[in-house]
Amino acid sequence: MKLIIAYIQPHKLNDVKAELAKAEVAKMSVTNSLGCGEQKGYHESYRGVEFEVNLLKKIRIEVAVNQNYAAKTIDAIIKGAKTGEIGDGKIFVIDLAECVRIRTGEKGNDAIG
Ligand SMILES: Nc1ncnc2c1ncn2[C@@H]1O[C@H](COP(=O)(O)OP(=O)(O)OP(=O)(O)O)[C@@H](O)[C@H]1O
Ligand SMILES: [Mg+2]
């Protein structure tokens, strides 16, 4: 199992949802997020040393999938989120050790999908 975490531009959420639906991925968690990537803008100073952090509004999407859905989930997120401009977002993929459906006690592949 994989846990796919994506940070995307807020205005691309509907496109990403549509692409995930096309890929038959229906389960997800979505939260508002603040983040920064390579570009910087917002100034902070620590002990007189000024550095820059850039916290911009992003959307965080988490999708836990079986192995055979990982590639198409990632592809769908890219298809929905990509404009080609900086700040399009980033995807992290983590090996997922366990998943439990609370109602039934099912675990692993049975619980995830
Ligand atoms: N290394 C990282 N660790 C944690 N979160 C990150 C990391 N890189 C990016 N993010 C998250 O992803 C969001 C989007 O990142 P962004 O697309 O700007 O990445 P980037 O590396 O700057 O690429 P680009 O040059 O295309 O802008 C960030 O606002 C942040 O929330
Ligand atoms: Mg960036």
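Measuring r between the beta carbons of residue 56 and residue 14 and using R0 = 22 Å, the FRET efficiency lands at 0.70.
Neighbours of residue 5 by Cβ distance under 12 Å: Lys/Arg scored +1, Asp/Glu scored -1, total +3.
If the segment from residue 38 to residue 75 were pulled out straight at 0.36 nm per residue, it would be longer than the present Cα-Cα gap by 11.1 nm.
Binning at 5 Å from 0, report for region 65-113 what percent of all alpha-carbon pair distances ends up in each bin. Taking all Cα pairs of region 65-113, the binned fractions are 4, 17, 22, 17, 14, 12, 7, 4, 2 percent.
In whole angstrom, the chain maps to an equivalent ellipsoid with semi-axes of 31, 18, 11, each derived as √(5λ) from the alpha carbon gyration tensor and ordered largest first. Using 0.36 nm per residue and subtracting the Cα-Cα separation, the extra length available between residue 95 and residue 24 on full extension is 23.5 nm.
Counting only alpha carbon atoms, the long axis of helix 13-22 and the longest principal axis of the chain meet at about 20°. By the beta-carbon count within 10 Å of each Cβ, the least crowded to most crowded order of 59, 91, fewest first, is 91, 59. Listed from fewest to most Cβ neighbours within 10 Å, the set 99, 36 follows the order 36, 99. Enter the angle in degrees (range 0 to 90, nearest 10) between the Cα long axis of helix 67-81 and the first principal axis of the Cα atoms of the chain, meaning the one along which they spread out most. In the chain, helix 67-81 runs at an angle near 40 degrees to the longest axis.
No value in this document is a laboratory result; all are computed from the given coordinates. Because the structure is predicted, anything quoted here is derived from the model rather than measured. Backbone-built Cβ (ideal geometry, glycine too); neighbour counts: all protein chains shown.
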